[in-house]
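Notes follow the structure.
Where a number appears in this text, it was derived from the coordinates with a stated rule and is not lab data. Model, not experiment: these values are computed from the prediction. Using ideal geometry, Cβ is built from the backbone for each residue, glycine included, and neighbour counts are taken over all protein chains shown.
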């Protein structure tokens, strides 16, 4: 069934907003969402004419809106705060403006109303200004991803995975996964790539299935799969989570907006709450780093379509290549060196450096450096005689 019933209106809105960007053909966007072109045109016409209200099933929609009567400013602010209990005056101001309310109070006025009503949380510690901020040049140039704390529900455990576009802060996936195995993460990334296309690079930490920035060969089955797709993987500095600052900040928001107000009955219940909140975050929540516009204002679908048949690694025609044996060795000048058993019988590129050193690359991933002529002396059988 093309539409998932639990988030049918959210998915229809995401489809309409992405289709209007015209970065891809209308047929390609329909294919990403698993719907026919007539269905896509139907929802686009309703969205253009009625906004998000037109995306609900007709049998469930009210025929009129008799409740649109003027209300006092305090009531308007109080209702907005009740809807978004973690938002302050600035976010509420921009959210109300985006929703078309007239005579919306200034952010300072909203803050004063919240304070008088006892609705304002205690101020948090100021953010550090010594971190060096960075941002990818455009959508899909870099995605950040990471796991957060494992959740124990009444009917099982799950570990939330966040995949976030660095440029737009658009959350491409917020998944309550059963574990952190490479196969589980690969399945989730496959679904994400099919919907949004592929990025050029992923940024992760030094744990989980995406390898490490420490010395040595930094290749896992997951990163080898990404390399076959032409996606490079980067790692943050060890013990410096601020390198993945955007996804870490996203975890804080998820914790405050979702997990702190959730008594999860099951992983499926967690996922349902994640789906609804992700749509709110991407399409409505004003983001301070984006001029208080939602992330959808800066996100575009990737033109790099996910291939259903995994392509081989591509190298330049004049590249110096050597093949990995079934036991994980490579041979250079009749001496073999241990590399990795993750990519048996595949080719890696040898790039000369200074002083008889070479760098080994597997597609876009730099694996390690070797000092030629110095195999591991602890394993004499590695020397070809």
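With an 8 Å Cα cut-off and a minimum separation of 6 or more residues, compute the relative contact order for region 321-382 in percent.
Relative contact order comes out at 26 percent.
Starting from 0.36 nm per residue, how many nanometres of slack lie between residue 323 and residue 26 once their C-alpha separation is accounted for?
Result for the pair: 102.6 nm of gain on full extension.
For residue 74 and residue 8 in the same chain, what is the full-extension length gain: residue separation times 0.36 nm, less their Cα-Cα distance, in nm?
Length difference between fully extended and current span is 20.5 nm.
Please report the relative contact order for region 5-60, taking Cα pairs under 8 Å with a sequence separation of at least 6, and give it as a percent rounded to a whole number.
Once divided by the residue count of region 5-60, the mean separation gives 37 percent.
Using Cα pairs closer than 8 Å and at least 6 residues apart in sequence, work out the relative contact order for region 143-297, in percent.
RCO, region 143-297: 24 percent.
Which of rounded, prolate, oblate describes region 73-116, given a ≥ b ≥ c as roots of the alpha-carbon gyration tensor eigenvalues and a/c under 1.5 marking rounded, otherwise prolate only if a/b is larger than b/c?
rounded
Describe numerically, in nm with one decimal, the distance between label points set 7 Å from Cα along Cα→Cβ at residue 42 and at residue 56.
Label at residue 42, label at residue 56, 1.8 nm between them.
Give the peptides 77-85, 268-276 in descending order of average Cβ contacts within 10 Å, highest first.
268-276, 77-85
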